[in-house]
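Report on the following structure.
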Amino acid sequence: MIFLMLVFTMYVCFSLDMMSSLMIFIMVEMCLYSLLLSTSWFHVMILLMVLEMLMLLVFLLINLTILSVKMSGIFVFMFITLSVAEASVGMSLLTMLVRSNGNDFMGVSIF
């Protein structure tokens, strides 16, 4: 069953043009990172790395959209600014957590 899904996915990706197949690949990768983000949320450092990977994928998606639609690039600069601010806030929270607890493990249990 997995093999058939893989063959079907390869057929769909190769039958589309390059931009559409790249967009599909980015969306699948974003879904995988979102799944990883929701399953491994005990260590803050891992969460920050997954969030940065999501930010890089969104940045790539925005660039591809701007290139295909031929829009202005000012939105990219605003996104980069917000992404850097998010990373600095995350690192400062990680530093505060490590200084107070000694590690980055969060012992929060939802279920």
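Here are some notes:
- Among the residues examined, MET19 does not qualify as touching a helix residue (DSSP H, G or I) at 6+ places or on another chain (Cβ under 9 Å) and surrounded by 14 or more Cβ atoms within 10 Å (Cβ to Cβ).
- The range 56-105, residues that are of a type in the set (D, E, K, R) and surrounded by 14 or more Cβ atoms within 10 Å (Cβ to Cβ): GLU86, ASP104
- Any chance VAL50 is modelled with pLDDT of 80 or more and within 22 Å of LEU97 (Cβ to Cβ): yes
- Some residue of the range 39-57 being part of a helix (DSSP H, G or I) and over 16 Å from the mean Cα position of the chain (by Cα): no
The values are calculated or read from the model by the stated rules, or taken from the named source; none is laboratory data. Remember, it's a predicted structure, so these values are computed and weren't measured experimentally. Ideal geometry is used to build each Cβ from the backbone, glycine not excepted, and the neighbour counts take in all protein chains shown.
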